Each structure stands twice: as structure tokens, then as C-alpha cells.
């Protein structure tokens, strides 16, 4: 658990002096009721309207939730969206994405089996039958450094064009449909980089994806290039536009949702999971300084990982990759790890969150809560609040009730959302 991402500065030294000095040295799964009882004594943080950093509201939205959004919001994906502006991609010679581990590898096998079985079709059809809900609160921190972005239809493309279509050549695979963008950014040292990413990241990724046309069999390579170059561009723009001091940075976890694919890209320790049937599948792996491959990379470049309230790069930063943090180059890098997951009919929802949630709840706990709430809300057919927003609210309350010490930001995407029931006419 972290109390402060930056750690503590040694008295009498600036961080830069401190790092120079170091360089010279030698080397439950639980029932839903139990979650209710755990958070019942907590302040009802989602109903405090006086404080805009801890308020929740809901409603339809057809654009980004905006940089630094600190409330909660929900909506259905609009039926049409503007095409993203085309600009032009260059392939970045970045580090290869780390292979999936355990649940990630299992997901790949399940995807292959699902694709081979039965009649092939675009699982998401026109990709309009999804809804989302989000929360972003300051929690127990003194400052709000998180930001979220929800951009329905940030691109409009045919499923065949996006890549990974399960029914290539079919009528629906050639129809123009929206491709959706979801991002959570957890800043440290300040909110500037997180806010910049929330406003800009989806734009640079769309621009990079449009740069280069590749053979249809290389669609994954095209997305990897767009993410890698896009993350590097966002990182460079933070510096060239003087958007933030060099000691400010942010995580970035992004999910692109097409009719047939879930594409996740991650820098840092924010996280994304997929609830599929009774499974909870991790779409990202935290990039921590003590993760074996990251530790080898950092130490191989002359850096040090010090256990100071948890493993930290030079005892300062509790993650090994991020946007920004120029003062810790070359050890902290803006190179994302990218995963591809083929959609299947059993997919229930996606959950993206900052570590204000993951520090106090496991993937399986979050997945179990989401599945139970989805079943309950769909059975009751409650119209006042969407199932996705109900899950985001509940998880936020639970994390706060478990004494999460950080900002808490959550996006929930309901992959089986139904249109709201037609309102019955009131009796006269």
C-alpha cells in the first residue's frame, strides 16, 4: 500500500541531489453482504454535493468526461459518432509488450476457442449496445490528482477496418460503427500530467492509428504502433508544451472497444479487468519496480530500486513506467504494454480504475461485486441509475470504507446494456 507515490524527501536534500547521492552508493472471494457491512460505517462519499471532488451525478454524455473530472457520470454510447481526424503514424521501435501471465494467457486460449466455436459473428454487432458509469473522488488525499476520460465513438470505422473481426467479409463487418475509448490517469506530484492525458491521449492515439495502412493480417501491429507512438507523443508534448514540471507524472490505462476486440494499453499501476461469465480476467499487469523484468531493466541501466514504504525507483516512485517524470529518465519510461482480447457473448463488463481501488480490493473481489450487482440490477430493471453507474458507486464506497488512502477513480463499461424500458403511461 502506498501513502504517498513520491515517498518522502530526505531532509536537507532535493530529490535530484538525493538520487545523485544514491547513485554513488554501492549497491476472497466474499459475499456481497460482507462488502455492505465493511463499508456501512463509512461516510456516504458519493452523496456529498457540497464538495465537487466527491459528488456523483448521472446522465447521458456523448463526449469525453473531461480532464480532471472529479464527479461521477454515466451514459449510453450514442448511436453515431464523428470520425476521428486523420493524421499520420510512424512505427516506434519500442520494447515488445510483455507476454500475458496466468489469467492473461488463459484469456488468449479462451478467445481462440470462442472464435473457433459456433457461427462467426461480430459479438458487439454495431458496438452501440454498451453503457458506462464512472466516479472520480479525492478520497482521503489532500489534492485531486486523478483524471478520467470517456470518449464514445472516438473513431468511426468498419469492424473489418479496425481489425480482429470475427466475421470478416460479412455485411455487418463492413458497416461503419463507433469505436470507444476509456482512460484512467492517476497523477503523482500534481494533477497536470493526468489532466493533459485525459484531454489529449485519445486524440494522439487516433492520429497515430490513421498514419499508416498495413496488411489486414497485421492489424495488431498497427494498434501496437499507435499506442506506443501515441504514449511517447503525449509524454513529449507534456515537456514541449511545458504542461507540467519534470517531477510530475501520471499512470495511463486505456481500453479501446470495437465490435470484436478489447484492446488495452497500460503504463504504471492503474489497472483494467474484464468480467467474463464467472471469470475475472486481468487485461493489464501492474508495472512495479520489483517486478522481475522491470527490476532487471532498471538495474541494467544503472538505477536502483529501494524498499522505502514499498519498492520504489530510487526510493521515490512506486511504479516503473509512467507519462512524465522526466527527472527519473531513463529508468521511468512511457512505453506501454498492450494486450488484445477477443470479445465473446459471455463478456459482462469492463472495469478500469486507479490504485485507490486496487490497493484495497483484489481483481477477484472487484469482479465478484460487479457480477452480483449486474445480476441484481438487471433482474430488478431499475431505471433511475444504470447498472454500470451502480457498480462504480458501490466499488468507490467499498474502497473508501476499507480506508483507501488515495484518490479513487473508476470506469465501468456494461457490455450487455439494454435500452431503457419504455416508460409506462401514468394512470389518470
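Summary of values
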read-out	value
Total residues in segment 345-362, condition in contact with a strand residue (DSSP E or B) (Cβ under 8 Å, 6 or more places away or on another chain) and crowded, with 19+ Cβ neighbours inside 10 Å	12
Residue 264 being surrounded by fewer than 24 Cβ atoms within 10 Å (Cβ to Cβ) and under 18 Å from the mean Cα position of the chain (by Cα)	no
Conditions (1) touching a strand residue (DSSP E or B) at 6+ places or on another chain (Cβ under 6 Å); (2) surrounded by fewer than 22 Cβ atoms within 10 Å (Cβ to Cβ); number of the one not met by residue 330	(1)
Filtered residues of segment 245-259 (kept if outside any loop (DSSP other than H, G, I, E, B) and closer than 28 Å to residue 125 by Cβ)	253, 254, 255, 256, 257
Subset of segment 158-173 [outside any helix (DSSP H, G or I) and either touching a helix residue (DSSP H, G or I) at 6+ places or on another chain (Cβ under 7 Å) or closer than 9 Å to residue 258 by Cα (or both)]	158, 163, 164, 165, 166, 167, 168
Number of the exception - residue 141 against (1) in contact with a strand residue (DSSP E or B) (Cβ under 9 Å, 6 or more places away or on another chain); (2) modelled with pLDDT of 90 or more; (3) part of a loop (DSSP other than H, G, I, E, B)	(1)
Condition met for residue 242 (more than 23 Å from residue 351 (Cβ to Cβ) and in a helix (DSSP H, G or I))	no
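The values are calculated or read from the model by the stated rules, or taken from the named source; none is laboratory data. These figures come from a predicted structure and were not determined experimentally. Cβ atoms come from the backbone with ideal geometry, glycine included; neighbour counts cover every protein chain shown.
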